[in-house]
Amino acid sequence: MEHSEDPESGVGSRKSEGPGLKAEGKKTEHCMVCGELLVYRVRVEEVKCVYCGRIDQGHILCPQGHYICDTCHNQDAMRIIENTIFTTMSSNPFEISELVMSFSGLPMLGCQHAYIAGGALMAAIKNMNPLICKWRQGEFTNDDIKEIFERTRKQAHGGYCGLTGICGIAPAVGACFAVLTGSRCGRDEEQRITMEAVTRVTRAITDITGPSCCKAYVRTSLETAVRYLRENAGIELPSSGKIHCSYSNKHPHGCREIKCPYFNGGISGNPGKENQI
């Protein structure tokens, strides 16, 4: 691995550049400010966001003292994610997710991918014509996707895939199933279906972990969700087909290469044809 893991170091103790740091020229790998390898700590410490000045409790820090809160880390990418998800006419969740992941300003890793997975899945369902779903009648709208994003925001936090074992993509997909079924605390079958979906997605993510890769997690989670929807709701979304990942050389922890099912597959993104933000 290329990142440092030094739980006893003084990382983050240096004086930051303070609130108001300009966002231009953000890096998409390693530290978003300077591009240095990040340090992943096993103990939380008080930190200050270099962009907004927010005081936070963080685990992922830069040797130069740069810390970026989740809101500032995600905001540029969320603009692209929302614009694409809310306006796409595609009913193919893999086509939607690959398009969003192709934007050059999207970090290689990060909880932006939770919004991509949940948004792509729900947008594809919304765009189906006709939509046949035994769980819910009527049309889905962007308000349903906004609800999924809000629920995702509560549980998708950077680095917590390693700190708690829960990748934010799992609750994002779970939020989709909850909206589809009407699940909420106290419900019977609806909650069981939602929890089963999250269990299956978590298992699929676990099977391709080591090290983590958010883009692989999006793909395997969508494949799992599409199968479960077909089996239990009668929703027939397109399958993934063969996916050829083009991001291997960007992975800050090192690509799993032949251990990853998306390494040197069929067709997908092209690193020479990234969409510019």
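A short reminder: the numbers here are calculations on the coordinates, not readings from a lab. From a predicted model like this one, the values you see are computed outputs, not experimental measurements. Heads up, the Cβs are rebuilt from the backbone with ideal geometry, glycines too, and the neighbour counts pull from every protein chain shown.
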Restricting attention to the stretch 101-116, does a residue exist that is out of contact with any helix residue (DSSP H, G or I) (no Cβ under 8 Å at 6 or more places or on another chain) and either without any contact (Cβ under 8 Å) to a residue 12 or more places away in the chain or not aromatic (Phe, Trp, Tyr) (or both)? yes
Which of the numbered conditions does Ala156 fail, given that it passes all the others? Conditions: (1) within 30 Å of Cys31 (Cβ to Cβ); (2) in contact with a Lys or Arg (Cβ under 8 Å, 6 or more places away or on another chain); (3) among the small types (Gly, Ala, Ser). (2)
Can you name the residue in the stretch 24-43 that is of a type in the set (A, V, I, L, M) and out of contact with any Ser or Thr (no Cβ under 7 Å at 6 or more places or on another chain) and, of all such residues, is surrounded by the fewest Cβ atoms within 10 Å (Cβ to Cβ)? Val42
Residue list for the stretch 44-59, filter: among the β-branched types (Val, Ile, Thr), surrounded by 22 or more Cβ atoms within 10 Å (Cβ to Cβ) and not in a loop (DSSP other than H, G, I, E, B): Val47
